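The values are calculated or read from the model by the stated rules, or taken from the named source; none is laboratory data. These numbers were taken from a predicted model, which means no experiment stands behind them. Cβ placement follows ideal geometry from the backbone for every residue including glycine, while neighbour counts extend to all protein chains displayed.
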Amino acid sequence: MFPTRLASWLVLSLGLLIVPGAGAGMEKKPVHVGLDAELEYAGSTSAQAIRMGMLIAMEEINRAGGVLGGRPLKLIERDNRSLPARSLVNLKELAAQPDLVAVFCGRFSPTVLEAIPLIHELKLPLLDPWAAADAIVDNGHMPNYVFRLSLKDSWAMPVMLSHAQKQGAKRVGLLLLNTSWGRSNLKAAQAHVAAHPEIRVVGTQWFNWADKSLLSQYQALRQAGAQAVAFVANHDEAARLVRGMAALPKEERLPIVSHWGVSGGDFFQDAGPALHELDFAVAQTYSFIGASDARAKQVLAAASRMFGVKDARALPSPVGVAHAYDLIHVLARAVDKAGGTERRAVRDALEQVSGYDGLVRRYLRPFTPERHEALGPENVFMARYAPDGAIVRIADR
């Protein structure tokens, strides 16, 4: 987990920063950005990674002169512990903050989905750096106040199933968390299989957060003829499955192709040595490992200086850092384009930002009126956990 005391100190420092050019002894009012995420969820590293990426980008922007002619960006955070009811309270509190231009969400799609009606009632731009359910952005609201720079389920599942197929598995079982996120992935899997009859789903098994073991559901898929399992879970459920599978005879351990929820927490530590007994691959969108561009080096240097991160291999939940970093830079450009902190103007300006050479990719237009997804299917790849816990891209065949 990232040091909470250090992060709080950085938030305060960013908020009080006198931006260059503001005039000696004069402070300009900050422009606020909110974070409503699972900061105190047990074993989670996703919200902390998002916060890290936000703070690194904010420091860069503030040192370069801030926004709106010299106003610093300042983070205001709220913990929702993944509980939708708490998130709704947080969003109302954040919306009441003066000069707050947008709110970032966290990892848990069900929590974000519950907030979509309120977000539009408040006319509060919601920026999504992690939660992947399609309906978060494809929500039917016009104008749409949700913008995502992240993975979505209808991109993840095809990559997961295609990876299983490349491993020789033409019959796949689905093991899904019984939430709106799991149902989003079922829909994505069904759409992919309908278009690719060479791969077949032999069964779907559901599990709940409170389930102590997932082995009965796993064995049901294996007995149905699955040659691999597409797995949609968070870090704690995934660790339980891995430990249970590792205790089975080797011939009963099927390859697992996992959605990226497992990378949002202490999965590697919780799974322990059992993980290395399995063929376990996980979907990702970005890796700092091997990145040689100047921006990646700059972000890693800031992560070391501000948060004590040793190197790219030691960075927890790296996609959260990368996505949040790029989103803050896009938001800052939108605020300047809007010419103020009025949220409808910022929402409209987010659709007009262009030419940002980001960390994850170069964005010709991150968002348009027709597209509120900054990434695309081409950004998704499969990775594995190395013996030191680093998430390493699997080389394309």
(request) Could you please give the count of residues in region 61-96 that are surrounded by 14 or more Cβ atoms within 10 Å (Cβ to Cβ), in a loop (DSSP other than H, G, I, E, B) and on the phi < 0 side of the Ramachandran plot? (result) 3
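Considering region 177-189 alone, what residues qualify as being touching a Leu at 6+ places or on another chain (Cβ under 8 Å) and either of a type in the set (Gly, Ala, Ser) or touching a residue at least 24 places away in the same chain (Cβ under 8 Å) (or both)? Walk me through it before giving the result.
Residues of region 177-189 that are touching a Leu at 6+ places or on another chain (Cβ under 8 Å), as a first pass: 180, 182-183, 185-186, 189.
Matches in region 177-189: Ser180, Gly182, Asn185, Ala189.
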(message) Being closer than 14 Å to Gly173 by Cβ and hydroxyl-bearing (Ser, Thr, Tyr) is the requirement here; does Tyr286 meet it?
(response) no
(message) All but one of (1) surrounded by fewer than 24 Cβ atoms within 10 Å (Cβ to Cβ); (2) touching a residue at least 12 places away in the same chain (Cβ under 8 Å); (3) acidic (Asp, Glu) hold for Asp153; state the number of the condition that does not hold.
(response) (1)
(message) Any residue at all in region 190-209 that's within 16 Å of Ile256 (Cβ to Cβ), touching a residue at least 60 places away in the same chain (Cβ under 8 Å) and crowded, with 20+ Cβ neighbours inside 10 Å?
(response) no
(request) Check region 245-255 and report whether any residue there is within 17 Å of Ala189 (Cβ to Cβ), crowded, with 18+ Cβ neighbours inside 10 Å and in contact with a Leu (Cβ under 7 Å, 6 or more places away or on another chain). (result) no
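Which of the residues that make up region 312-333 are in contact with a Ser or Thr (Cβ under 6 Å, 6 or more places away or on another chain) and closer than 18 Å to Ser292 by Cβ? Give the steps one after another, and end with the answer.
First pass over region 312-333, keeping only residues in contact with a Ser or Thr (Cβ under 6 Å, 6 or more places away or on another chain): 316-317, 319-320, 323.
Across region 312-333, there are no qualifying residues.
Restricting attention to region 374-387, report how many residues are over 23 Å from Met157 (Cα atoms) and in contact with a strand residue (DSSP E or B) (Cβ under 6 Å, 6 or more places away or on another chain). Show your work before the answer.
If we filter region 374-387 for residues that are over 23 Å from Met157 (Cα atoms), which is where we start, we get 387.
Those still in the list that are in contact with a strand residue (DSSP E or B) (Cβ under 6 Å, 6 or more places away or on another chain) too: none.
Count: 0.
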(message) Where the second residue is among the acidic types (Asp, Glu) and the first is under 15 Å from Val101 (Cβ atoms) and lies in region 61-75, which pairs have Cβ atoms under 7 Å and are six or more apart or on separate chains?
(response) Val67/Asp336; Leu68/Asp336
(request) May I ask you to list pairs of residues, at least six apart or on different chains, whose Cβ atoms are under 7 Å apart, with the first in region 38-49 being closer than 16 Å to Val89 by Cβ and the second being assigned to a loop (DSSP other than H, G, I, E, B)? (result) Glu38/Asn80; Glu38/Arg81; Glu38/Ser82; Glu38/Gly106; Glu38/Arg107; Glu38/Phe108; Glu40/Arg81
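For region 10-51, give me the residue count where each residue is modelled with pLDDT of 50 or more and not β-branched (Val, Ile, Thr). Spell out how you get there, then give the answer.
The first filter runs over region 10-51 and keeps only residues modelled with pLDDT of 50 or more, leaving 27-51.
Next cut, not β-branched (Val, Ile, Thr) only: 27-30, 32, 34-44, 46-49, 51.
So the count comes out to 21.
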(request) Could you look through region 322-357, keep only residues that are over 20 Å from the mean Cα position of the chain (by Cα) and either of a type in the set (Val, Ile, Thr) or outside the structural domain of Leu122 (by TED's automatic domain parsing) (or both), and pick out the one that is surrounded by the most Cβ atoms within 10 Å (Cβ to Cβ)? (result) Val335
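Within region 332-373, track down each residue that is in contact with a strand residue (DSSP E or B) (Cβ under 6 Å, 6 or more places away or on another chain) and either of a type outside the set (D, E, K, R) or outside any loop (DSSP other than H, G, I, E, B) (or both). Please lay out each step first, then the result.
Filtering region 332-373 down to residues in contact with a strand residue (DSSP E or B) (Cβ under 6 Å, 6 or more places away or on another chain) leaves 332, 335-336, 341, 346, 350-351, 356, 363, 367, 372-373.
Result: Ala332, Val335, Asp336, Thr341, Val346, Leu350, Tyr356, Tyr363, Phe367, His372, Glu373.
From Val319, Val392, grab the single residue that is surrounded by 19 or more Cβ atoms within 10 Å (Cβ to Cβ), modelled with pLDDT of 95 or more and either under 30 Å from Ala164 (Cα atoms) or β-branched (Val, Ile, Thr) (or both).
Numbers: Val392 fails: surrounded by 19 or more Cβ atoms within 10 Å (Cβ to Cβ).
So the residue among Val319, Val392 that is surrounded by 19 or more Cβ atoms within 10 Å (Cβ to Cβ), modelled with pLDDT of 95 or more and either under 30 Å from Ala164 (Cα atoms) or β-branched (Val, Ile, Thr) (or both) is Val319.
If the requirement is being outside the structural domain of Gln219 (by TED's automatic domain parsing) and of a type in the set (Lys, Arg), which of these qualifies: Lys170, Lys166, Lys123? Can you show your working first?
Working: Lys170 fails: outside the structural domain of Gln219 (by TED's automatic domain parsing); Lys166 fails: outside the structural domain of Gln219 (by TED's automatic domain parsing).
Result of the check over Lys170, Lys166, Lys123: Lys123.
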(request) Working only within region 72-109, note down all residues that are among the basic types (Lys, Arg) and under 21 Å from Ser184 (Cβ atoms). (result) Arg107
(request) Could you pull out the residue among Asp348, Asp336, Asp326, Asp357 that is closer than 22 Å to Arg393 by Cα, at pLDDT 95 or above and of a type in the set (Asp, Glu)? (result) Asp326
(message) For Ala301, only one of the following conditions fails: (1) in the same structural domain as Tyr325 (by TED's automatic domain parsing); (2) hydrophobic (A, V, I, L, M, F, W, C); (3) touching a Leu at 6+ places or on another chain (Cβ under 9 Å). What is its number?
(response) (3)
(request) Select from region 306-343 the residues that are in contact with a helix residue (DSSP H, G or I) (Cβ under 9 Å, 6 or more places away or on another chain) and basic (Lys, Arg) and write down the one among them that is farthest from Ala47 (Cα to Cα). (result) Lys337
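For Ser162, state whether it is among the hydroxyl-bearing types (Ser, Thr, Tyr) and more than 19 Å from Leu278 (Cα to Cα).
Working: among the hydroxyl-bearing types (Ser, Thr, Tyr): yes; more than 19 Å from Leu278 (Cα to Cα): no.
In short, no.
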